[in-house]
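Here it is: the structure, laid out below.
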């Protein structure tokens, strides 16, 4: 997984680092400045949950590519499973849009699949710093694609929701819910108010950092939605049974997807030593209770692939609970070779796995395995 080159070039242009790959030495002062600002901004955000204007470039250079790809990945997952539900004219609402990474990631993937589709994006945020950057990105996308229109609204999420009268195909909240409801359980009434603004075939996408407390809040929200039957959970779970991870307080279900960070981010990170090899996040995709879930042979992978002597294994989530999936090296074949590439967060299609004991499946030579995300 890699950031599209044109997105990387635009980020560098916004940061005035266009020539960093040609002659990086002349940008050393700017790179050192971004490193200092990232450290300072992280400290401020930890305690005050805000972005300081003078550190806006550092925040953008580090977070935009990761948040963009997270929503891009979810758009791809969704497209692979529910392509028939996506309309030709697509309206996206991004609540707490920030620099727009969430809605632009959704747009970018779907535009590449359906270049003639029209997109109307609405971004809502109260932060002038974010909205200024979001407008710059929106104008750039508009120059490249005449089929996109972007409206930005400076307003709190609650006020916008109260006065809104429009409906949308996608409502995305990327790193937003934890800010709105910092210490409490996410109220079902809030999700219910969002569901009212969905079109008949509309969806809510929630993305949060893969922190234990935030992820478990999403797991609890999923449980509440299913229990009270106010919506349908389409992803990451492909069943509506109780989440097996909720029973264990040390468990939290999140994605950990290996990616290739942009070279400029690797350069900046050389003295920061942050772990940037994986995109880690938790998410839910919610709809009104109208759709049938995919067939039973689709499963989310909820662990990394463990490579052991003579075999490989991982954990998958099923309607019956967490299942161990094993493939012996001697059983490798063209039909199942994609299993060797699975990553935590993948959705895989398994054709006729062998159930060798309770909650343990084996992949044989004739078992078909396909990664839907790639």
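For region 24-58, give me the residue count where each residue is in contact (Cβ under 8 Å) with a residue 40 or more places away in the chain, in a helix (DSSP H, G or I) and closer than 17 Å to residue 99 by Cβ.
5
Continuing with this model, one more query. For the structure I just gave you, tell me whether residue 152 is at pLDDT 90 or above, surrounded by fewer than 21 Cβ atoms within 10 Å (Cβ to Cβ) and in contact with a helix residue (DSSP H, G or I) (Cβ under 8 Å, 6 or more places away or on another chain).
yes
Is it the case, given these coordinates, that residue 18 is over 22 Å from residue 126 (Cβ atoms) and either touching a helix residue (DSSP H, G or I) at 6+ places or on another chain (Cβ under 6 Å) or not assigned by TED's automatic domain parsing to the domain that holds residue 171 (or both)?
It is true that residue 18 is over 22 Å from residue 126 (Cβ atoms) and either touching a helix residue (DSSP H, G or I) at 6+ places or on another chain (Cβ under 6 Å) or not assigned by TED's automatic domain parsing to the domain that holds residue 171 (or both).
Which members of region 222-241 meet the condition of being free of Cβ contacts under 8 Å to residues at least 24 places away in the same chain and surrounded by 16 or more Cβ atoms within 10 Å (Cβ to Cβ)?
226
Something else: Report yes if residue 173 is over 27 Å from residue 230 (Cα atoms) and either in the same structural domain as residue 115 (by TED's automatic domain parsing) or surrounded by 15 or more Cβ atoms within 10 Å (Cβ to Cβ) (or both), otherwise no.
In short, no.
Run down 168, 107 and say which single residue is surrounded by 15 or more Cβ atoms within 10 Å (Cβ to Cβ), touching a strand residue (DSSP E or B) at 6+ places or on another chain (Cβ under 7 Å) and more than 30 Å from residue 275 (Cα to Cα).
Result of the check over 168, 107: 168.
Okay, moving on. How about region 1-23: which of its residues are closer than 27 Å to residue 102 by Cβ and outside any helix (DSSP H, G or I)?
Passing the criteria: 1, 2, 3, 4, 15, 16, 17, 18, 20.
Regarding residue 279, is this residue part of a strand (DSSP E or B), under 21 Å from residue 94 (Cβ atoms) and modelled with pLDDT of 90 or more? Spell out how you get there, then give the answer.
Working: part of a strand (DSSP E or B): yes; under 21 Å from residue 94 (Cβ atoms): yes; modelled with pLDDT of 90 or more: yes.
Yes: the conditions hold for residue 279.
Further question on the same structure: Could you check region 259-271 and list, in sequence order, the residues that are surrounded by 13 or more Cβ atoms within 10 Å (Cβ to Cβ) and either under 21 Å from the mean Cα position of the chain (by Cα) or closer than 25 Å to residue 213 by Cα (or both)?
Passing the criteria: 259, 261, 262, 265.
Could you tell me whether residue 199 is surrounded by fewer than 19 Cβ atoms within 10 Å (Cβ to Cβ), touching a strand residue (DSSP E or B) at 6+ places or on another chain (Cβ under 8 Å) and in contact (Cβ under 8 Å) with a residue 24 or more places away in the chain? Even if it seems obvious, please write down each step before you answer.
Values: surrounded by fewer than 19 Cβ atoms within 10 Å (Cβ to Cβ): yes; touching a strand residue (DSSP E or B) at 6+ places or on another chain (Cβ under 8 Å): yes; in contact (Cβ under 8 Å) with a residue 24 or more places away in the chain: yes.
Taking the combined requirement at face value, the residue satisfies it.
Can you find a residue that is part of a loop (DSSP other than H, G, I, E, B) and modelled with pLDDT of 90 or more anywhere in region 286-303?
Checked against the condition, which is being part of a loop (DSSP other than H, G, I, E, B) and modelled with pLDDT of 90 or more, region 286-303 yields at least one hit.
Does residue 131 satisfy being in contact (Cβ under 8 Å) with a residue 60 or more places away in the chain, surrounded by 13 or more Cβ atoms within 10 Å (Cβ to Cβ) and assigned by TED's automatic domain parsing to the domain that holds residue 93?
Here the answer is no, as residue 131 does not meet what is asked.
Of the residues that sit in region 234-260 and are in contact with a strand residue (DSSP E or B) (Cβ under 6 Å, 6 or more places away or on another chain) and within 15 Å of residue 319 (Cβ to Cβ), which one is modelled with the lowest pLDDT?
The extreme case among them is 244.
If you don't mind, another one. Filter region 327-342 down to residues that are surrounded by fewer than 21 Cβ atoms within 10 Å (Cβ to Cβ) and either closer than 15 Å to residue 370 by Cα or within 24 Å of the chain's Cα centre (by Cα) (or both), then give me how many there are.
Total meeting the criteria: 8.
The values are calculated or read from the model by the stated rules, or taken from the named source; none is laboratory data. Because the structure is a prediction, the values reported are computed rather than measured. Using ideal geometry, Cβ is built from the backbone for each residue, glycine included, and neighbour counts are taken over all protein chains shown.
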